[in-house]
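One structure below.
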Amino acid sequence: MRTNKMDRRYMTKPYRKHKHGRRCRQILMLLVLALAVSGAVFLTNAKKESPAASEMEQTDTNIVEIPEVPEVENSVEEEPSRGEKPEIPAPDDGLAEQADQTEEKAEDLDDTDQTGETSAIDCNVMVPASEAVDLSYFDDAVFIGDSRTEGLFINTGLSNATFFTHQGLTVSEVFTKEVISVGGKKTTVMDALAATSFSKVYIMLGINETGWVYDSIFIEKYGEIIDAIREINPDAVIYVQSILPVTNEVSATHSYIKNERIDTYNQLLQTMAQEKGVYYLNVAEAIAADDGSLPEDAAADGIHLKKEPCQVWLTYLREHTAAEPAPRPEKGTV
């Protein structure tokens, strides 16, 4: 009996430790289970209390479709200020408008000659052809121009006229560049003109200005020349000569001298002549080829005329003269 008591006393201690550990593990498992159940209950209640969050999650997972924009053939018109739907014209309206524009262009082309100039019938500043005048007609005439006008003097021997010319002369340099000798002193073309007695003025300028950026400056300066001549002699007959073309080779290779550009300037000159009330002489028509360019054999360098074309130029001037100044347009009219 004593031995069993001792065994029970000494043997129960490890047994108790083992039993105590098992209870601890059971308690821990119950705690973990309880925490898991309570967490699941909490999450379930949170979803029920927050339906907006659920909807947001559902929205994020969906793909938002962007409505397809229909294609528009015509340009988009600005929406009216009142929010009204813009009226789309019928296709036939556009075709009719294009047809009208085509007819207008065709009518304009009928009124132009091969060089792109308006016909003399529609422009009262064009000088009609007449019987050639005697060379004495140029006794009181002054020619203003660049090296091409110098060539007219050299190749025709028109020594009874006065020539104020200089190589490379431009419409602005007429007022500023001192290149004309008067009384042994160099002066500007306009100052030399003021010191000269004359009743006719022939002007040919513009080929050196075809490289200018702004056409408006060229025609503005040209108009100032007309105004200055009238201040010197209000009764003078003023002739604005068209710019002569160049050969096709020069037009294709030169950096800025192009026949298309010359045609544009000539159209501007004719309009200015109409506005200023001075005569416009289309001398280019006497020399140009059928395509409007300068014939290849008319100039050694494709720009400056030889003797024979200069004679043709002078003949054209003799056959297109006026006895009095051109009628000036009334104020407020063109």
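Here, each number is a calculation from the coordinates, and none is a lab measurement. In this text the structure is predicted, and so the values were computed from the model without any measurement. Ideal geometry is used to build each Cβ from the backbone, glycine not excepted, and the neighbour counts take in all protein chains shown.
Would you list 283, 201 from fewest to most Cβ contacts within 10 Å?
Values: 283 22, 201 26.
Listed from fewest to most nearby Cβ atoms, that is 283, 201.
Using the count of nearby Cβ atoms within 10 Å as a rough guide to exposure, how do 314, 268 rank from fewest to most?
268, 314
What ranking of 316, 239 emerges when the number of other C-beta atoms within 10 Å of each C-beta is taken as an exposure proxy, fewest first?
316, 239
Roughly how many nanometres apart are two label points built 7 Å out from the Cα toward the Cβ at residue 319 and residue 214?
Those two pseudo-labels are separated by 4.1 nm.
Across the stretch 112-319, how many lysine pairs separated by 8 or more positions, or lying on different chains, have Cα atoms within less than 15 Å?
4
What is the spin-label model distance, in nm, from residue 185 to residue 289 if the labels are put 7 Å beyond Cα along the C-beta direction?
Computed distance between label sites residue 185 and residue 289 equals 4.9 nm.
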